[in-house]
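Below you'll find the structure, written out as structure tokens, and then a few comments.
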Amino acid sequence: MKLHIKSFGCQMNKLDSSLVATALIEKGFELTDETNEADVLLMNTCSVRHHAEERVMSHLGHLKTVKKSNPDLIVGVIGCMAQRLGEELLDHPAVNLVAGPAKIPQIPDMIEKALNTKKKSIAVTEKIRRKNRQAEIEALDKFELAYDTDENHIHGQAFVRVMRGCNNFCTYCIVPYVRGPEISRRPKDIIKQVKKLAAGGIKQITLLGQTIYAYKYTEEDKTYNLADLLKMVSEVDSIKWIRFITSHPGEFDVSILQAMADLDKVTPYLHIPAQSGSDRILKAMNRKYTAKHYLGLIEKARQILPEISIASDFIVGFPGETDEDFQATVELVKKARFKNSFVFKYSPRPGTDSANNLPDDVPEEVKRQRNLDLLAIQNAISEEESSKLLGKSVKVLVEGLSKKPHVNMAENGNNPQLIGRTATDHIVVFNGPETLTGTFTTVKIEKTSALTMFGKLE
Ligand code: 5AD
Ligand code: SF4
């Protein structure tokens, strides 16, 4: 039996996909990159913007036709969209099974049932904001511990979930409704997992949480926070670099910057989405901080960790965003000098506060223009910041072949083009033996652009 998984959305989803894949491989499935070879096709979906859902719907439309000639194909929709739409998806003629993010441990059984009986099945969490979903959470933890292997990840690096869900309720955001309340995982489980990954050759761990600074777990009279976790992961010998994503500027406490400075293995990198530079819009987004507070945090971060690189997310065209509000965002971007920013056009999500209460009143054309303008401004800053690396020797963790492995091979002793990342999360491409994948090496930067550095192996 051949399995194909398509993943949309964030790192949490990619992690879930790899857990499901490993569980199914253990049951005898083989992974395939070719959709037309698959006996079972899973789509792990994202609901964060309408566009992400639209892409899944159009795939399903196509699969409806495919199933006419291949009626035995099993199609599953899993992840956030499955949780959001539930039965509505199950009714789609192409769909055999639907499973929400908290139900992934059930997927192998659901697939077996679909293969054996051809009956449709659904597993989504009722009342996902309920706190006492103990059995569900325990099953998830068990599934995670059992099926997270180093082979799930690109060589040398692994993502480890430290918490699930979110309690922030930013007014635009679907996440609290599809991933439930914040629940932190036991430090012992997290460390056990990190050690298992380390034994398999993993050198970099990225701790994952929607609002990672909110991590909190009390056990035997001790309450563990993010700084404690970072320290515990640091103590695992063969782990050399540690990152954590994503930080919320409202909850972020400067003490974490000190922990980053004290722990050598924690890389000087923060992903800390600002979303807007206008206090009026930040308030309407329920972000619980002002532009001044945000810039103060960035300044503090640079004082404590001078080489830190910072990345951000922005939403343009939030309801009521005027030219003046947008200018405030531009100002913030100019002052903050991010390494890079992700910019999204506001997309109303059914059931969220902003979709319920605020008209989506910024015209699409204005959203598009603001998106382009902000990206252009960020791009110029990224170029300037990157150019500071020119001529420097940087340590990178090699991820593997670049997208164009044949580039410059002849001039480099037939070595392919590789891609790696610095501790500050800068992307570096260079030619070298593929065997460097998953190891650290040093590259001298010879050319820079906004998002990619080019160099020579030292
Ligand atoms: N519309 C547009 N962008 C959104 N994001 C989250 N919700 C929405 C939405 N409704 C963006 C935020 C977040 C990133 C993951 O996606 O910038 O940080
Ligand atoms: Fe990830 Fe949010 Fe998309 Fe779900 S909706 S996949 S949590 S980005």
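Just so you know, all these numbers are worked out from the coordinates, no wet-lab data involved. Owing to the predicted nature of the structure, the values given are computational and were not obtained by experimental measurement. Heads up, the Cβs are rebuilt from the backbone with ideal geometry, glycines too, and the neighbour counts pull from every protein chain shown.
Quick check on the chain: of the DSSP beta bridges with both residues there, what percent are antiparallel, nearest 5%? Roughly 35 percent of the DSSP beta bridges within the chain come out antiparallel.
Bridgeable lysines around K118 (alpha carbons under 25 Å apart, same-chain partners fewer than 8 residues away excluded): K2, K6, K27, K64, K67, K68, K103. Taken one residue at a time, the phi angles of segment 406-418 give Karplus couplings (6.51, -1.76, 1.60, θ = phi - 60°) of 7, 4, 6, 5, 4, 6, 10, x, 6, 7, x, 7, 10 Hz. Gly and Pro are set to x. When shorter helices are ignored and each DSSP H run of at least 4 residues is given -39500 (n - 2.57), the per-residue value for the chain at 222 nm works out to -11500 deg cm²/dmol.
Relative to the compact-globule estimate of 2.2 N^0.38 Å, the Cα radius of gyration of segment 263-404 comes out at 1.18. Take every pair of alpha-carbon atoms less than 8 Å apart whose residues are at least six positions apart; their mean separation over the length of the chain yields a relative contact order of 10 percent. For segment 361-405, the fraction of C-alpha pairs farther apart than 18 angstrom is 61 percent. Pairwise alpha-carbon distances in segment 73-186 exceed 17 Å for 60% of all pairs.
A simple rule links phi to the HN-Hα coupling: the Karplus curve 6.51 cos²θ - 1.76 cosθ + 1.60 with θ = phi - 60°, which for segment 59-67 gives 4, 5, x, 5, 5, 4, 5, 4, 5 Hz, with x for Gly and Pro.
The orientation-averaged projection of the convex hull spanning the C-alpha atoms of segment 170-259 amounts to 6.9 square nanometres.
Its Cα gyration tensor gives segment 323-397 an equivalent ellipsoid; the semi-axes, largest first and in whole Å, are 33, 15, 10. Computed from point charges on the beta carbon alone (+1 for Lys and Arg, -1 for Asp and Glu), the dipole magnitude for segment 305-458 about its Cα centre is near 740 Debye. Short to long, the 20 Å bins of the Cα pair-distance histogram for the chain hold 23, 56, 21, 0 percent of all pairs.
At the listed q of 0.13, 0.17, 0.19 Å⁻¹, the Debye profile of segment 1-86, built from one uniform point per Cα, gives log10 I(q)/I(0) equal to -0.41, -0.70, -0.86. P(r) tail for segment 293-338: Cα pairs beyond 14 Å make up 55% of the total.
Please report how far the C-alpha centroid of segment 45-117 lies from that of segment 230-250, rounded to the nearest whole angstrom. Rounded to whole Å, the Cα centres lie 34 Å apart. Principal axis analysis of the Cα atoms in segment 204-350 yields extents of 51, 34, 23 Å, listed in decreasing size. Cross-link partners of K447 among lysines, defined as those whose alpha carbon lies under 29 angstrom from its own and excluding same-chain residues fewer than eight positions apart: K203, K240, K265, K334, K335, K339, K388, K392, K395, K403, K404, K456.
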